[in-house]
1. Probe radius 1.4 Å, ligands and nucleic acids left out: can you give me the accessible area buried at the B-A interface, summed over both chains, in Å² to the nearest hundred?
2. Using unit Cβ charges (K, R positive; D, E negative) and no other charged atoms, how large, in debye to the nearest 20, is the dipole of chain B about its Cα centre?
3. So how much accessible area does A:TRP214 have, in Å² to the nearest 10, using a 1.4 Å probe?
4. Using the per-residue mean of other Cβ atoms lying within 10 Å as a proxy for protection, in what order, highest first, do the peptides B:344-354, A:7-17, B:48-58, B:118-128 fall?
5. Quick check: pseudo-label points 7 Å beyond the Cα along Cα→Cβ at B:GLU262 and A:LYS533, how many nm apart are they?
6. Would you mind getting the accessible area per residue of segment B:18-228, heavy atoms of the protein chains only, 1.4 Å probe, in Å²?
7. Under a straight-distance cross-link criterion of Cα-Cα below 30 Å, which lysines are reachable from A:LYS534, leaving out those fewer than 8 residues away in the same chain?
8. For B:THR259, which sequence-distant residues (separation of 5 or more, or a different chain) have an amide H within less than 5 Å of its own amide H, given hydrogens modelled in the peptide plane?
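The values are calculated or read from the model by the stated rules, or taken from the named source; none is laboratory data. Treat the numbers as computed from the prediction; the structure is a model and nothing was measured. Cβ placement follows ideal geometry from the backbone for every residue including glycine, while neighbour counts extend to all protein chains displayed. To get the accessible areas, we keep the full protein, side chains included, count just its heavy atoms, and leave off ligands, DNA and RNA. Shrake-Rupley method; radii C 1.70, N 1.55, O 1.52, S 1.80 Å.
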Amino acid sequence: MPMVTINGVEVEVEKDVSILEAAAQAGFDVPHFCYHPALSAPANCRMCLVEVERAPKLLPACYNPVSDGMVVQTESEQVVRARKAVLEFILVNHPVDCPICDKAGECKLQDYYFAYDAQESRMRAEKQHKVKAYPIGPRVVYDGERCILCTRCIRFCEEISGTSELTLADRGDKIEVRTFPGQELDNDYSLCTVDVCPVGALTSRDFRFKCRVWLLTSTESICTGCSQGCNIHLDHFRNETQRYRPRYNSEVNDYWMCDDGRLTYKNLHTDRLLSPQHNGATDNWHTLTKSVAAKLEKQIKAHGEESIALVLSAQAACEDIFLAKLFHEEILGKKAQLYIAGKPSGKHDDFLINADKNPNRRGIEAVFAKLDGIKDVATLAGDITAGTIKTVYMMGTEFGEGDRSEAVAALKKCELFILQSTQGADLLDVAHIALPACTHAEKEGTFVNEEGIAQPFYKAYEPHGDSLPDWQIFMRIAKAMGKSTLNFTFLSKVQDRMFEATELLRKAEEEAAAAAKKAAEEAAAKKAEEEAKKAEESAAATEEPQDSTPS
Amino acid sequence: MEEKFLSRNFEIEKAYNLDIFEEHGGYSTLSKAFSMDTDTIISEMKKSNLRGRGGAGFPTGVKWSFMPRDSDKEKYLVINADEGEPGTFKDRYIMELDPHRLIEGCVITAYTLGLRTGYIFVRGELQHAIRRLERAIKQAYEKGHLGKNIHGKGFDFDLYVHSSAGAYICGEETGLIEGLEGKPGQPRMKPPFPAIVGVFGHPTLVNNVETIASVPFIIERGGDFWASLGIEKNGGPKLFGLSGMIKKPGVYEAPCGITVRELLERFGGGMLDGSDLKAFIPGGSSCAILKPDALDAQMGIETMREAGSSMGTGCVTFIDHTTCMVRLATRLAHFYHHESCGQCTPCREGTGWAYKVINSIEAGRGRPEELELLLDICDSIQGNTICAHGDSLAIPVRSYIKTFTEEFEDHIKHQRCPFKPWRTGKSKSKVSSAA
C-alpha cells in the first residue's frame with residue numbers, strides 16, 4: 001500500500017487511488033468540477049491541478065494515481081494561482097446570472113469563486129453566446145452559456161444509464177452539449193444529469209423557478225416509488241416537499257434514482273384527505289374514534305370477527321403494519337381476514353426500477369414472518385359479493401392487480417367500510433368512515449426494500465391537516481374500544497416491541513422449521529424403513545408365487 | 001553541391017510514379033532492411049540521431065524502442081501527415097513529389113517493429129497529396145511492396161490513407177488517434193502514451209512524414225553516416241520551408257545545424273528589395289519569435305532552445321519592417337482560438353479571451369493594463385492544459401509582447417495601429433510617418 005504525503009500529512013492509501021481521493025483521505029478537499037466518484041475522470045476542467053514533487057508541471061489530481069512516496073501540495077501558491085486562473089477562465093464566458101439561476105446556492109462554481117477567485121472580471125469584450133433555456137429532454141432544460149463543459153452529464157449517459165444521448169458538438173469556446181440528431185435526453189434516469197451538473201447548465205423542468213435552494217430544508221428519507229427503496233434527500237419548504245434528490249448509498253442506489261421515483265413527491269400533496277370524514281361529513285378525531293369503535297363492536301357482535309376484512313397496504317411503513325397486526329390480534333381476535341393491497345406492478349429494468357411499485361411489501365413479510373392466511377386484495381371483491389365479508393377496514397386506496405371498478409362496486413355493498421388513507425381517491429364517496437393518514441414525509445418509520453434491507457426515514461414536517469400516522473390511528477381506535485394494551489407513547493417504543501416480536505417470530509419460525517425438518521427426517525426414515533420392509537415382504541411374496549406358478 | 005536525400009527526387013519528373021522511382025533506386029533498401037536484424041535497425045536508428053520532424057523533436061530511435069516487442073495485441077503504425085501549422089509546408093512536398101519514399105519508410109518501420117497495419121493521416125485540405133499517396137499505394141500493392149508476403153519474406157503490411165476533416169488539433173498525436181477512430185479530435189490525457197494505448201486501444205507508433213521518409217536513407221547508409229551529417233544530437237539533413245518577405249520562398253534540404261542566416265542568404269536569396277528583416281519565426285507559428293540578432297543560431301532542437309525559441313518543424317517565416325506585430329499576434333491568436341478543441345478550460349476560454357484582448361489592442365481600444373493581462377492569460381494557459389495546443393498560443397503571444405513591447409504600447413498609447421494605412425490601402429507615405 002503506497003504511502004503519500006499530502007500537505008505534510010502522511011497517509012497510507014490503496015493502490016491505484018487517485019491523488020484527489022488520497023487527499024480526501026488525508027482530510028483535504030481538492031476542488032473539482034469534472035470529477036465524479038462514480039464516473040470516469042477526463043481531467044478537462046483543470047480545477048483539481050495539484051503540485052507533485054518532481055513533476056514538471058501541475059497534475060490533475062482526479063486523473064493521476066498515487067505512487068509510493070509521492071509528495072503532494074494541494075494548497076501551495078502555484079496551485080492556488082492555477083485554480084484562480086481556471087475559475088477566471090470559466091467565468092470569461094459565463095453569464096453570471098446567479099440571481100435567476102436555480103442552481104444558485106448549491107453551485108460549485110459559486111462556492112469555488114468565493115473560496116479562490118473573488119475578484120472583479122477583467123473581461124471587457126462581449127461574451128460568447130450560446131443556446132439558452134433549451135429543452136434538451138422532456139424533463140431537463142439546458143443552458144449552454146452556464147455550461148462549463150465538464151461532460152459529467154455525457155459520461156453519466158454513457159457509463160451509468162447506458163443510453164448515450166449526449167455529446168459535445170462544435171469546438172473551442174463555441175462548444176456545447178447536444179443530443180445526437182433526432183434524439184432527446186429522454187431516459188429513465190435523465191434527471192440525474194441535473195444532479196451531477198456542477199453548475200446551472202442542466203436544470204429540472206419540474207423544479208425550475210420553484211424555490212430558492214437555500215430556503216430548502218433537507219430530510220433523509222426513502223423514495224416510495226418502488227420496492228428498490230432509493231435513499232433520498234427530501235427537500236422541503238414551508239411544510240411542502242419541493243423535490244427529491246438521490247442520497248448516496250452504495251448498497252441500494254449509489255448516487256442515482258429514476259425520474260419516475262423522483263417525481264412521486266407530487267403525490268404527497270395532491271388530493272390529500274385532510275380531515276376525518278363520517279358519511280361524507282367532516283368530523284373530528286374525538287367523536288369519530290368513538291363512532292368507529294361503536295360500529296366495529298356492533299359488526300363484531302352481529303357477524304363475528306370473521307366477517308371483517310383488514311386490508312394492509314404495502315405502501316405503509318413497518319411500524320404501521322405492526323400496529324395493524326396488534327390491532328388484528330387484540331381487537332379482532334386474530335380471526336379477521338387479512339389482505340395485502342398495493343399499487344399494481346409496472347415497468348422495471350436491470351438498474352434501479354423494480355416492477356413492484358410498493359416500498360414495503362417485504363416489510364409486511366418481516367412483520368408477519370409468514371404470509372399464509374393473508375390473501376391478495378384482488379380476491380376481496382369476490383369475498384364481499386360471496387357474503388363472507390361484511391366489514392372492510394382498508395389502509396390505502398390501491399387494489400393491486402385486481403379490477404378496480406369491480407372492487408369499488410363490491411365495497412358499496414359492505415355494511416361498514418372504513419378507509420384509512422392519505423388520499424381519498426374514488427373510495428371517499430364509498431367509505432362510511434374516512435380516516436386521514438399522513439404521508440411518509442410527515443412521520444418516521446421503516447421500509448424494507450426488495451433486497452430485504454430495512455431503511456429508516458425521518459419526519460420532514462408536521463402532518464398536513466388533521467392527518468395522523470397510521471400507527472396512531474390504530475392506537476386511538478383500539479383505545480376507544482377499551483384495549484389499553486395498545487398504548488405507545490413514542491414511535492421508538494413501537495419499534496422496540498416490533499423488533500422484539502419479529503425476533504421472537506423469527507426464532508419461532510426457526511424452531512418450527514427445525515422441528516418440521518426433524519419430523520420430515522423422521523418421517524422419511526420411517527418411510528424408508530417401511531419401504532424396505534415392504535420391499536422385503538413383496539420380494540418374498542413374489543418369490544413364493546413364482547415357485548407355485550406352473551411352468 | 002551537397003548530396004541530397006529527402007529532396008533527391010523533387011527535381012525528377014514524375015518521380016511519384018513507381019517505375020521512375022524504382023529507376024532511381026527506390027525500394028532498394030527494403031531487401032537490405034529485410035536482411036537485417038530488427039534490433040540492429042533500432043540501434044542504427046538510435047545512432048543516426050534522427051529527431052522527430054513534427055515539431056517536438058523526440059529521438060525517433062528511442063520512440064521506436066518504446067513499442068512493446070512481444071505483445072499479443074496487434075500494433076499499428078500511424079503517419080502524422082496532418083501538416084497544418086501556419087508557416088509549415090514541408091511534408092506535403094514529400095507526399096506530393098516523392099510518396100513512394102514515405103511508403104518505403106513505412107514498410108521498413110513496420111518490419112522492424114512487427115506492425116501489420118499502417119495509416120497515413122493526411123490533413124483534409126491536402127487533396128493533391130491524398131490523391132498522389134493513394135495512387136502510389138495502389139502501385140506499391142501491384143508491385144508487391146505492400147500487402148501479403150512482401151518481397152517473399154513472409155511479412156504482411158497494409159497501408160491506408162485517412163483524410164482528416166481538417167482540424168489543426170488532429171496534428172496532436174492523441175487528437176489524431178481520436179480522429180482516426182472516427183471521434184471528434186480531442187486529445188487524450190497522457191499517460192498512457194500511444195505506444196501502450198493508441199489506435200483502438202492498441203500499441204501505436206505515431207511518426208511524422210519526414211521522419212519516416214528519412215528511414216530508407218538511414219538503412220542505406222547507416223546510422224553513423226546520418227549522424228555525421230548533422231550536429232550533436234541532431235542527425236541528418238532535413239527539409240526547411242522558407243517563407244515570408246524573401247526572394248526565393250520554398251522548401252530546401254540542408255543539414256541540421258545550419259544557421260538561419262545561411263538558410264536566408266544561401267537558399268532564400270535574402271530579403272526582398274526594400275524589405276528589412278524585423279523578426280523571424282524559426283519553426284512554425286507556435287514558436288517564439290526571434291529578432292535578427294539571433295540569425296546565427298543553428299537549426300537544432302537544443303541550439304534553438306538556447307536562442308530562446310524552438311526549431312519546431314524547421315519552417316522559417318521571415319518578417320519585414322512593414323509587418324505590424326500586434327496584427328500578426330491577432331492573426332495567430334485567432335488561429336489558435338479557432339482551432340482549440342474546447343475540451344479543457346484554460347485553452348477553450350483562454351485562447352478566445354486572448355484573441356479578444358489582442359484584437360481590441362490592434363483595433364485601437366486597448367488599455368495599458370491589458371498587456372499585463374495578456375501575459376497573465378498566457379501564464380495561466382501554459383502547462384495547465386491536456387495537450388500542448390494552449391502552449392502554442394501562450395508561447396508566441398508572450399514572446400511577441402516581450403520582444404516588441406514598444407509596438408504594443410504604441411497601439412495602446414495612440415489608440416490606433418500605426419500600420420493601419422497599409423491595411424486600408426491608403427498612401428504609403430503615412431506608413432513611414434507613423435513608423
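1. The summed interface area works out to 2800 Å².
2. The calculated dipole for chain B is roughly 800 debye.
3. Here the residue's solvent-accessible area equals roughly 150 Å².
4. Per-residue Cβ counts within 10 Å, averaged per peptide and sorted highest first, yield B:344-354, B:48-58, B:118-128, A:7-17.
5. That separation, rounded to one decimal, is 11.7 nm.
6. That works out to 37 Å² per residue.
7. A:LYS534 reaches A:LYS517, A:LYS518, A:LYS526.
8. Amide H to amide H, under 5 Å and 5 or more residues apart or across chains, B:THR259 pairs with B:MET299.
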